[in-house]
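Chemist: Before I ask anything, let me first share the structure, which is written out below as structure tokens.
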Amino acid sequence: MRTVRSAGFAFLCVLAAAMILVPAVRAQRSVPPDRTERDTRDPRTVAQRKINPRVLSAIYRRRGDLHGKVVAKDPASVQVDRHGRALVDVRAEVRPALEKKIKALGGIVVSTSANYDSIVGWMPLQTLERLATDAGVRAIEPAAQ
């Protein structure tokens, strides 16, 4: 009887250890659920992925940071004024806090549309990546000319 109890206890211990270790090992080997295979090969940050490639190319050109970067072939499609501000369409829920952030980063809001979740404005190229880090911003595209 004593041997059966000991064997049962040993079996429960092994089962408990397996229930703890197997998920832990799987979690270490698998890619986190919020990252796809494409994301792991993409060297851009999360904020940079929100920015349209043509706008991102204009940012790289403004910074003089083209070395080793993949740039858009037609940067002329991004309208940039003499102060280094680009006319962009920020796709996000229109809210006063986001408009205030745009202005704090040196931007000028031209128009807003709550129906289309769009804020069109002139934004300094150097501050677009900081704007893209806002959780409410889904995308930053060149505005229609």
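Chemist: Evaluate the relative contact order of region 45-142 (contact order divided by residue number), counting alpha-carbon pairs under 8 angstrom at least 6 apart; express in whole percent.
Modeler: On the way: 167 pairs, mean separation 36.5, N = 98.
After rounding, I find 37 percent.
Chemist: From Cα coordinates alone, what are the radius of gyration and Dmax values for region 95-144 in angstrom?
Modeler: 10.0, 28
Chemist: Using Cβ contacts closer than 10 Å as the measure, can you line up M1, M123 from fewest to most? Provide the component values of the computation, followed by the final result.
Modeler: Numbers: M1 5, M123 26.
By the 10 Å Cβ count, ascending, the order reads M1, M123.
Just so you know, all these numbers are worked out from the coordinates, no wet-lab data involved. Note that the structure is predicted; figures quoted are calculated from it, not measured. With ideal geometry, Cβ positions are generated from the backbone for all residues, glycine too; neighbour counts draw on all protein chains shown.
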